[in-house]
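In what follows, a single structure is set out as structure tokens and then discussed.
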């Protein structure tokens, strides 16, 4: 499973720390403490190694492997944590002065059930303020849940370790089973290893391992507004952005731009990519590269963000608005055919809220009428139509990395194509119309634009792309929770992914049905009073007074725009949060 591969690669990245500075950049903040991932740097830190050995010996009975720790054995243990065990990671817990006050880690990184195991939890100092280590543990769990795809946490502790058990119980861990232990008969040289015992005759009576699991609060009352969106920012983004800020100049000015373009085009499955300052800019470049302009008509869905049609206006072409499907809100192929005239030159389908448009039908129509296709794939990174990524069908496609999207760079976008000639035209426009093939420096011989992404933005984007399947899985999980808790509400309808598609559910959305006791706007206001942020679905954009050609709004787009809502959909939202949102929706709408 791809999310497990991404999790293992992420843990490997966290442990790749040749210096303490690098490790510090990758640390987890925990109130007044920091969790610093161990790396190669620690093998030469003899003071810390001796401290770890000392505390290992003091707490030897807390571990199933029992021996007298030395500097050499501790170095070996740390080396195994670093190199030999991709399935584990250990963090040093340090105070504000940088002193080590404990450690904690994670194991079972490749667990297919996505249950991570807490490992090596040990507090060295008795001088910490009350609950400090609890806050540190919570920081580790919260970080893991937002950075990786995690379904839960477990741990094992000896039944005789009453202090540790009380600590875990206070931090929402509950006992699930007890495991009798026995001595491993193959252990030697003063090394004791306790292993699970199936034979009661070999069981050591005092040695029972308890398995505990994290039991998160099932319900909550939010203290602050639950937002509709929000990114997941990990140590990838922090470290890459740091590197770009310190080193990404002169010869390395485009290091992360090049990496992001190369990795993104490979992920989507096309040959060429240009990083841009926005999706809107990418679409503008695409239309110019395709030679579209005044007198040309370009078909766009009536339900989309205004940028789709604005890009058409930028080249003085005319947007022709057509209706969308009732069920998935993407462009209706039959309406496309009705709108085609001898002035029609292109179609711009939109993969609305992460739901793929029917690209098989769109491309068939384009072929039949010799039309160009520009995919507005802004909100659909990772979505698929019949196992092929959105953004890989049209002559061009454009993606958005704006701050509310699944993959973010703050602002930013990407222009993709499979056609070298189109790529070359687009790149020249992107580069202010510069002719790079003549011997005259900075020679401009065509109109161009300035829609470039910065190297630092690209660094953040690369970090996001490293976890893209994880982020998609987290988005889809959020929708799954909505389906779970809203399925019995007959006054609303969830917006499900189309047939033969993988939606990323960038926005989980509902339609408020006509027999609901409240309408869409009343529900939005009621949820706002419950500390739940929502937003109305885009209105039919043909209604805006900015278009030169006036037309009546399309029926489906108009209806959807008046009755539908985007719900909180951030990748880091927990099941308890979604359950709360659903409970309030059910309260306000169930008749």
FRET E, pair residue 483, residue 68, Förster distance 60 Å, beta-carbon r, rounded to 0.05: 0.65
What ranking of 71, 177 emerges when the number of other C-beta atoms within 10 Å of each C-beta is taken as an exposure proxy, fewest first? 177, 71
Ranked 569, 516, criterion: other C-beta atoms within 10 Å, fewest first: 516, 569
If you take the square roots of the eigenvalues of the alpha-carbon gyration tensor of the stretch 247-348 and sort them as a ≥ b ≥ c, do you get rounded (a/c under 1.5), prolate (a/b over b/c) or oblate? prolate
Only counting other Cβ atoms within 10 Å, I'd like 437, 6 sorted with the fewest neighbours first. 437, 6
FRET efficiency, residue 339 to residue 218 (Cβ-Cβ, R0 35 Å, nearest 0.05): 0.10
Give the peptides 151-158, 458-465 in descending order of average Cβ contacts within 10 Å, highest first. 458-465, 151-158
Using the Kirkwood formula on the Cα atoms of the stretch 236-297, what hydrodynamic radius do you get, in angstrom to one decimal? 13.9
Testing the spin-label approximation: label points 7 Å from Cα along Cα→Cβ at residue 443 and residue 521. State their distance in nm. 6.0
Quick check: Cα centre of the stretch 1-51 to Cα centre of the stretch 205-249, how many Å? 15
Angle between the Cα long axis of helix 420-430 and the longest principal axis of the chain, 0 to 90 degrees, nearest 10? 90
Measuring from the longest principal axis of the C-alpha atoms of the chain, the long axis of helix 575-589 (C-alpha) lies at a number of degrees, nearest 10, equal to 50
Helix 520-529 against the longest principal axis of the chain: what's the angle in degrees, Cα atoms only, rounded to the nearest 10? 30
Say R0 is 56 Å: what FRET efficiency, to the nearest 0.05, do residue 360 and residue 31 get from their beta-carbon distance? 0.60
Would the stretch 98-159 count as rounded, prolate or oblate if I go by the C-alpha gyration tensor, calling it rounded below 1.5 in a/c and otherwise prolate when a/b exceeds b/c, oblate otherwise? prolate
Stokes-Einstein, Kirkwood over Cα pairs, the stretch 150-227, 4 °C, 1.567 mPa s; D in µm²/s equals 87
Based solely on its DSSP helices, what 222 nm [θ] is calculated for the chain when runs of n ≥ 4 H residues each add -39,500 (n - 2.57) and the sum is averaged over all residues, nearest 500 deg cm²/dmol? -10500 deg cm²/dmol
Global form of the stretch 235-468, assessed from the alpha-carbon gyration tensor, a/c cut-off 1.5: oblate
What residues of the stretch 541-555 lie in the reach of a label at residue 306, counting those whose backbone N is under 14 Å from a point 7 Å from the Cα along Cα→Cβ? 541-548
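Read the figures in this text as sums done on the coordinates, not as results from a lab. Owing to the predicted nature of the structure, the values given are computational and were not obtained by experimental measurement. Every residue, glycine among them, receives a Cβ derived from its backbone with ideal geometry; neighbour counts consider all protein chains shown.
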